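One structure below.
The values are calculated or read from the model by the stated rules, or taken from the named source; none is laboratory data. Please read all numbers here as calculations on a predicted model, not as lab measurements. Cβ atoms come from the backbone with ideal geometry, glycine included; neighbour counts cover every protein chain shown. Each accessible area value is taken on the protein alone, full model and side chains, heavy atoms only, with ligands, DNA and RNA left out. Shrake-Rupley method; radii C 1.70, N 1.55, O 1.52, S 1.80 Å.
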Amino acid sequence: MLQILKQRFPKSYLTVIAPESSGWILKDAPFVDKLYSYPQPKSFGFKSMVAILKQLYIFLKIRNEHYDIAIAAGGEYSHRAVKRLLWLNAKRTISYIPKNNKGYKISDGVTEPNPKKRNLHESARMIDLLKPIITSKNKLNYPDVYYNPPKDWLKKAQSFLTLHNIKHNQYIVFGLGARREKKQASKEQVIATANYVYKKFQMKTIFVWTPGSKNNKNYPGDDEIASEILKNAPKEIIPLRAPLDLTIGIIWLARKSIFPDSGLMHFAAASPGGVIGLFAETNISPIKL
């Protein structure tokens, strides 16, 4: 959506407001002129009060810049996003609104997608929000998925590869990390894939997973599953239990990645090698693009 905006309005000044947890993804993106990242309060305490004050400062600053258009960039209606959107006091506001509900002060409301249309990928639903400002009889061409990791992340990845005597673009990545267990590859599938890739292409498999226990309430990890897989793993499998920066760097230098439907799958989709995405129960997690 952001890329299309910059392509259609190259002289525009495009600002993005996002939580710190996700805003870093757009750091140094060529189609974003200004990025504001705000902390999110997680509990009632001193840190949360500081986070609220920082957030308030950012939104006040943006409100005083008097933007022409403000968009609640989401794939469906969000009452919180609408409240923030209206508070920015832009000349025009664009957001999804519930069907048959006219009680919103959104200047350019887009009716929330019906259940069938929700099968569209969320990025496509966000692009639909541009209809009030982009009038075209032709269907919009979707730009390629964009992400560009920092150079030091790639350097860390290259050091890991050198340590294990692996060359750039001469290995695959197989990852865990799905919220629903049905989407995870089994121990047998991971090992069989690694053996096949090594036998046919003489390439090793770097096996990555989300660090932490599956019993973590806030963000469950894959340590238990990974431990079972690595017990009898062949030498062709190289384990990597690492932070996000090194993991993304390794994905970027790989020939190909294999991931279940997860955050890392989306990063891998933007990588040079691309991704094979593993899905299950597609009526719950649709994959239409």
Checking Ile229 against (1) open to solvent by less than 20 Å² (accessible area, probe 1.4 Å); (2) at positive phi: exactly one of these is not met. Which one?
(2)
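Which residue, of Ala226, Ala242, Ala233, Ala254, is assigned to a loop (DSSP other than H, G, I, E, B), more than 21 Å from Asn148 (Cα to Cα) and among the small types (Gly, Ala, Ser)?
Residue meeting the stated conditions: Ala233.
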Give the residue that is most open to solvent (accessible area, probe 1.4 Å), with candidates limited to residues of the stretch 143-200 that are small (Gly, Ala, Ser) and in a loop (DSSP other than H, G, I, E, B).
Ser186
Taking the stretch 232-253 as the region of interest, how many residues are of a type outside the set (A, V, I, L, M), open to solvent by less than 30 Å² (accessible area, probe 1.4 Å) and under 18 Å from the mean Cα position of the chain (by Cα)?
3
Pairs needed: first member in the stretch 1-23, farther than 16 Å from Tyr147 by Cβ; second member anywhere, open to solvent by less than 50 Å² (accessible area, probe 1.4 Å) and of a type in the set (Lys, Arg); C-beta distance under 8 Å; at least 6 residues apart or different chains.
Ser12/Lys6; Leu14/Lys6
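Restricting to the stretch 36-90, name every residue that is over 24 Å from Gly109 (Cα atoms), buried (at least 17 other Cβ atoms within 10 Å of the Cβ), touching a helix residue (DSSP H, G or I) at 6+ places or on another chain (Cβ under 6 Å) and not hydroxyl-bearing (Ser, Thr, Tyr). Before the answer, list the steps.
Keep residues of the stretch 36-90 that are over 24 Å from Gly109 (Cα atoms), which gives 36-58, 61.
Those still in the list that are buried (at least 17 other Cβ atoms within 10 Å of the Cβ) too: 37-39, 51, 55.
The next check asks that each one be touching a helix residue (DSSP H, G or I) at 6+ places or on another chain (Cβ under 6 Å); those that pass are 37-39.
The one that is over 24 Å from Gly109 (Cα atoms), buried (at least 17 other Cβ atoms within 10 Å of the Cβ), touching a helix residue (DSSP H, G or I) at 6+ places or on another chain (Cβ under 6 Å) and not hydroxyl-bearing (Ser, Thr, Tyr): Pro39.
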The conditions are (1) open to solvent by less than 70 Å² (accessible area, probe 1.4 Å); (2) within 30 Å of Asn114 (Cβ to Cβ); (3) modelled with pLDDT of 90 or more, and Gln7 fails exactly one of them. Which is it?
(1)
Sole exception among (1) modelled with pLDDT of 95 or more; (2) outside any strand (DSSP E or B) for Leu264, by number:
(1)
For the list (1) surrounded by fewer than 17 Cβ atoms within 10 Å (Cβ to Cβ); (2) modelled with pLDDT of 75 or more; (3) polar (S, T, N, Q), I need the number of the one condition that Asn114 fails.
(2)
